[in-house]
Structure formats: structure tokens, C-alpha cells
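Here the structure comes first, spelled out in C-alpha cells, and everything after it is commentary.
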Amino acid sequence: MKRRNFIKTGLMGTAAISMAPTALLSRQDCNVTNNDILGPYWAENHPYRAILANIDEPGTRIHIAGTVKANDCETPIQNAIVDVWHANDDGCYTIFQECDSGNTDEDPYNLRGQMLTNENGEYAFESIWPGYYPGRPRHFHYKIKTPENLELVTQCYFLIDPEVDDSWIANHLGLVIPLEEGIDGLYGTFDIVMDEDGSQVSSDEHQSLIPQEPYLKNNYPNPFNNSTQIEFGITKLEYVSISVYDVSGKWIINIVDKKMLPGTHKLRWNGKNSLGNHVPSGNYLLVMRSGSLIRSRKILYLK
Ligand SMILES: [Fe+2]
């Protein structure tokens with residue numbers, strides 16, 4: 001018998017004689033957390049950290065904490081991955097869009113991070129209050145995955161957001177949270193109840209995240225004038241170097257030069273050389289080396 005089934009069966013066995021009306025009420029109020037759309041801006045490999053926004057990031061600081069629980073709304077789930085990503089104060093998503101923000105150049109994963117729940121199922125993070133983009137209230141995106149491979153994709157909205165009206169609340173039950181003002185910005189609690197009865201179960205996504213063969217995609221955008229995204233994948237833990245050369249073969253910079261985990265990786269090049277100076281407009285060559293693999297792509301930089 002699975003541990004949670006044991007817990008549920010145990011509770012049901014004593015319910016008839018020991019459960020007070022208030023306890024019954026709270027059990028009736030126990031709902032699994034609703035899912036919500038993933039949206040186009042999730043990325044793999046968000047770094048593990050609890051402070052998602054650089055201290056210089058424009059916006060209102062916000063602190064969110066919560067507990068990931070089993071569907072009895074009581075049993076905490078330890079070591080669940082809580083993956084959070086969100087827009088900056090201007091409604092802009094890093095990696096996918098060019099965003100003016102506190103630290104984009106240094107941190108391509110700005111306003112993105114993963115946490116592991118502790119032994120009490122708790123997670124917490126600090127960031128800035130996500131900004132608006134057309135048609136949507138402020139929101140955090142969440143992707144939660146438990147050690148038993150239950151997965152939930154959802155979002156968290158805010159009661160004090162004037163863009164959240166009654167119909168939004170009705171259509172996003174359990175996903176709209178109150179916020180309070182504290183000494184260092186806003187504070188809120190977003191608890192998550194996983195559905196162990198099936199609707200959130202995902203296939204083993206990790207398998208599909210690891211490509212069958214190593215690859216280097218064409219950079220995007222290309223041509224570019226601010227920064228361009230470089231996506232590549234490797235099939236095993238391996239040393240990877242990706243370097244930029246000019247058309248005469250002169251080395252410009254190493255984008256990456258280290259051992260990396262299997263999977264898909266996304267990096268950016270901002271048109272600067274190893275000394276931090278912008279290179280002239282023109283054609284450049286991106287060269288990836290990993291194990292016996294060598295791949296190259298042409299990049300056009302236009303200032
Ligand atoms: Fe979004």
C-alpha cells in the first residue's frame with residue numbers, strides 16, 4: 001500500500017467516531033490546487049535559488065511562502081520541486097524577450113528559479129511583484145513536481161490587483177491570494193495541494209528533456225542587435241565549449257566552457273568580446289564542441 005493511501009485509509013477508519021463537525025467542514029474545504037496554463041515562457045534549467053530578483057530589479061519586492069501538501073490537505077510533501085517564473089515590472093519575460101531590468105546581462109535566468117520543499121513541505125522565495133502584460137493580471141507561474149512524479153502547472157494571482165475581478169476569481173478558484181504589506185514589500189502565502197488521484201500525473205518528462213542526439217540550434221534572433229539566444233542539447237554529463245570567432249578565425253569569446261548536465265540548455269550572447277567590448281557589426285561563427293561532436297552556426301550581428 002502506498003504511504004498516502006495508508007494515511008487516507010487510516011483517517012477514514014476513525015472518521016465516523018472522532019470527526020467533529022468543524023473537522024468535517026475543513027475536510028470538505030480541502031480541494032486540490034487547480035491547474036492553469038503553462039504559457040509560452042517556461043524554460044528548462046531554472047537555477048535553484050530563493051531570491052529570483054536582483055536587488056537592483058525595478059519593482060515592488062514581494063515574499064511568497066507556502067506548503068506543498070498531499071490531497072488530504074495535511075501531509076507535507078518533502079523534496080517537491082517548485083519552479084517559479086514571471087514577468088518583470090514592465091510585463092517582460094527574460095530569455096524570450098529583451099527586457100530592461102536590474103541584471104539581465106549577468107543573469108539570463110533573471111526572475112526565474114526553482115526551490116525544493118523542506119521536510120515540512122515548505123518553500124519560500126523573494127522577487128518583485130510581476131508586472132502586467134496585455135490581457136492578464138499580475139501573476140507568478142508555477143510548475144510543481146513531486147518525488148513521485150506528480151506534476152502541477154498553475155499560476156498565482158493577487159486579490160489586491162485591480163485587474164482581478166469577481167469573474168477572474170470564479171474562473172481561478174484557489175489561485176488568487178491576499179497580500180499584506182510588510183517591512184520589505186508585500187507578503188503572501190500560496191499553498192499547493194497535489195492531486196494524487198491522477199489528473200495531474202505527467203509522463204516521465206525528464207526522459208524527453210534529454211535529447212536523443214547532441215545538437216546546436218540556429219541562434220535566435222539572427223541577425224540580432226542586442227542579444228541572441230543559443231540553444232543546444234547534450235545526451236550525457238559532458239564537457240561543453242561554445243565559442244564565437246570572427247570570419248578571419250580570430251577567437252572572440254567563450255560563451256560556455258565547462259562540464260554540463262544532460263538536457264537542453266539555453267544561453268545568450270550579447271555581442272561582446274572577452275574584454276566586455278562590443279564587437280563590430282558583421283558575420284561571426286559559433287562553434288560548439290562536446291565530446292567528439294563539433295557543430296557550427298553563422299551569426300550576423302548588426303549594431
Ligand atoms: Fe505569464
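The values are calculated or read from the model by the stated rules, or taken from the named source; none is laboratory data. A quick note: this is a predicted structure, and the numbers were derived from the prediction, not measured. Cβ sites come from the backbone with ideal geometry, for glycine too, and all protein chains shown count toward neighbours.
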Subset of region 119-131 (residues that are more than 16 Å from the ligand (Cβ to nearest atom), part of a loop (DSSP other than H, G, I, E, B) and surrounded by 15 or more Cβ atoms within 10 Å (Cβ to Cβ)): Gly121
Conditions: (1) within 16 Å of Asp36 (Cβ to Cβ); (2) out of contact with any Leu (no Cβ under 8 Å at 6 or more places or on another chain); (3) within 13 Å of the ligand (Cβ to nearest atom). Gly174 meets all but one. Number of the miss? (3)
In region 70-87, the residues that are crowded, with 19+ Cβ neighbours inside 10 Å, away from the ligand (no atom under 16 Å from the Cβ) and not in a loop (DSSP other than H, G, I, E, B): Val82
Name the one entry in Pro134, Pro162 that is over 24 Å from Met194 (Cα atoms) and more than 16 Å from the ligand (Cβ to nearest atom). Pro162
Could you list all residues from region 262-283 that are touching a residue at least 60 places away in the same chain (Cβ under 8 Å) and closer than 19 Å to Asp107 by Cα? Thr264, His265, Lys266, Leu267, Arg268, Asn270
Using the structure shown, decide if Asp36 is within 19 Å of Leu152 (Cβ to Cβ), assigned by TED's automatic domain parsing to the domain that holds Gly174 and either within 16 Å of the ligand (Cβ to nearest atom) or in contact with a Leu (Cβ under 6 Å, 6 or more places away or on another chain) (or both). yes
Selection from region 136-162 of residues that are in a loop (DSSP other than H, G, I, E, B) and either under 14 Å from Asn35 (Cα atoms) or modelled with pLDDT under 95 (or both): His139, Thr146, Pro147, Glu148, Asn149
